[in-house]
1. Which ³J(HN,Hα) values in Hz, rounded to whole numbers, follow from the phi angles of the range 358-372 under the Karplus curve 6.51 cos²θ - 1.76 cosθ + 1.60, where θ = phi - 60° and Gly and Pro get x?
2. Please identify the chymotrypsin sites (Phe, Trp or Tyr not before Pro) of the range 219-309 that satisfy two criteria: DSSP loop assignment and at most 13 other Cβ atoms within 10 Å. Which are they?
3. When you count, for each residue, the other Cβ atoms within 10 Å and take the mean per peptide, how do 140-147, 25-32, 299-306 rank with the highest first?
4. Solvent-accessible area of His77, probe 1.4 Å, all protein chains present, reported in Å² to the nearest ten, please.
5. Amide H of Val199 versus every other amide H placed in the peptide plane: which residues, excluding those fewer than 5 positions away on the same chain, fall under 5 Å?
6. Which loop chymotrypsin sites (Phe, Trp or Tyr not before Pro) in the range 71-120, with loop taken from DSSP, have no more than 16 other Cβ atoms within 10 angstrom of their Cβ?
7. Check Arg435: other-chain or 5+ apart residues with amide H under 5 Å from its amide H, H built from backbone geometry?
8. Compute, for Thr162, the solvent-accessible surface of its heavy atoms (probe 1.4 Å) with the complete set of protein chains present, and express it in square angstrom to the nearest 10.
Amino acid sequence: MADKSLLRSIPRVDAILGSPRMAALRGQVPAGQLTDFVRASLARLREEVLSGERDHVAGEDELARDIADDYLARGPHRLRRTINATGVVLHTNLGRAPLGPEVAAHVAEVAQGYSNLEYELGDGARGGRGSCVEGLLRELCGAEDALVVNNNAAAALLMLDTICRGRDVAISRGELVEIGGSFRVPDILARGGACLVEVGTTNKTHPADYERAVAEGAGAILKVHRSNFYMGGFTEEVGLPGLSAIARQAKIPLLFDLGAGLLMPGEALGLPGVPSPRAAIRDGADLVCFSGDKLVGSAQAGIVVGRAELVARLRENPLARALRIDKLSLAALEATLRLSRSRADALGHVPTLRMLSLGREELLARAEALAARVAGELPAFACRVVELEDEAGGGSLPSTLLPGAGVELELAGTPSARLEALLRAAPVPVVCLLRDDRVVLSVRTLQEGDEDEVVRALGRIAGGGAR
Ligand SMILES: *Cc1c(COP(=O)(O)O)cnc(C)c1O
């Protein structure tokens with residue numbers, strides 16, 4: 001039951017704002033935001049006391065210091081930095097690909113001033129928005145031309161609306177997929193004004209199935225990568241070279257929604273067989289679309305590469321204006337693509353690729369180091385190093401589990417689900433795994449400096465400040 005005197009001991013907003021610690025902060029941050037933050041912090045404290053979760057309230061000065069530290073750690077925003085301790089590298093709920101410091105710095109520089117976004121500095125005339133990345137994409141994908149839009153869903157929609165409107169489009173029944181939320185291939189085809197011609201069966205599609213559809217008048221062939229599930233057993237599909245032969249003979253375009261395009265050979269990441277846009281173009285796709293924030297490891301973007309005359313038609317579609325990419329994403333994409341020209345630069349400076357390339361030995365060593373730190377600094381926790389199976393995530397490599405490692409944690413008197421919730425509520429939230437009713441932190445997806453934040457969060461939890 002709530003303790004009345006404890007409730008009364010919670011200071012007033014004005015008292016906290018008047019403390020020396022807050023006075024120091026007040027000149028540096030927007031005053032209204034600070035007041036809102038203090039009010040919300042005290043309201044949360046009151047709720048915790050009322051629910052019996054908290055059995056003591058710190059003194060005014062200590063409370064003011066904690067709230068000021070929280071403000072500096074988390075700021076006033078709802079959308080904020082979060083630590084991903086799930087081992088899922090491209091976690092769509094956690095913002096997919098993190099940017100490396102070089103790329104983020106370039107974005108910040110472009111964001112803080114004006115830029116030559118649509119301006120040719122050479123001749124002082126209007127320029128094309130995508131010109132900073134199109135050449136790089138042509139080079140990296142071995143394609144005639146390239147176009148970037150807001151995301152891959154937009155790229156697929158633009159491709160189908162431009163090329164397939166009013167046509168019959170042949171697609172395998174095994175590829176009529178739903179990719180997260182409400183993005184369903186048949187619906188996008190319908191939106192694009194195309195008429196879906198299903199060929200083959202769920203598990204098996206043969207060249208003759210496509211040939212029949214083409215003979216009956218299909219005006220394009222669409223292939224969709226099965227990004228978020230995999231089929232095993234008695235299955236067969238027609239690969240791009242086979243589809244390309246059929247499309248070429250009928251003089252119709254072959255379109256490929258690749259989903260997650262990797263700009264280097266999968267072998268470089270220890271992931272052989274990962275499809276790449278370069279291979280798709282080489283194998284005869286006329287247009288290939290993929291995301292900027294999956295295996296490219298950059299900002300949200302939709303990239304289309306392929307034949308120059310088809311890309312030109314996409315560029316002229318009025319829909320392209322509605323789906324255009326924003327300048328900050330474009331800045332991130334250019335910086336990432338420049339790094340992607342060298343395998344060493346990409347693996348060293350594109351976090352997604354670096355995280356995917358980490359092997360179990362390296363991860364075990366990082367997990368040992370984190371466990372040793374927790375054991376040394378926070379003896380209240382029982383921790384042990386465990387082997388894990390991490391995932392690429394984000395609809396990229398559904399059938400590939402990555403050998404990972406992590407730290408399993410227990411705190412006497414605190415159920416695992418409660419510990420997991422407290423980590424999520426930390427000033428820099430930590431999202432972890434609950435495995436066999438134990439809290440587990442996978443180290444693969446921890447970024448530079450995250451271990452310090454994790455230890456700080458655990459310290460607050462063990463100290464009762466957040467319990
Ligand atoms: C992820 C994915 C999409 C959607 O891409 P976004 O960039 O999230 O819009 C479309 N098609 C496939 C095959 C995908 O894997």
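The values are calculated or read from the model by the stated rules, or taken from the named source; none is laboratory data. Since this is a predicted model, take the numbers as computed values, not measurements. Neighbour counts are summed over all protein chains in view; Cβ atoms, including those assigned to glycine, are modelled from backbone coordinates with ideal geometry. Heavy atoms of the whole protein, side chains included, go into the accessibility calculation; ligands, DNA and RNA do not. Shrake-Rupley method; radii C 1.70, N 1.55, O 1.52, S 1.80 Å.
1. So the Karplus estimates, Gly and Pro as x, are 5, x, 4, 4, 4, 5, 4, 4, 5, 5, 4, 5, 5, 4, 5 Hz.
2. Working: sites: Phe229, Tyr230, Phe234, Phe256, Phe290; in loops: Phe229, Tyr230, Phe234.
Here the chymotrypsin sites (Phe, Trp or Tyr not before Pro) that fit, given the DSSP loop and packing criteria, are Phe229, Tyr230, Phe234.
3. On the way: 140-147: 21.1, 25-32: 11.6, 299-306: 26.8.
Those peptides, ordered most packed to least, come out 299-306, 140-147, 25-32.
4. The accessible area comes out at roughly 110 Å².
5. Here the answer is Ile171, Ser172, Arg173, since their amide H atoms fall under 5 Å of that of Val199.
6. Tyr114
7. Val440
8. 20 Å²
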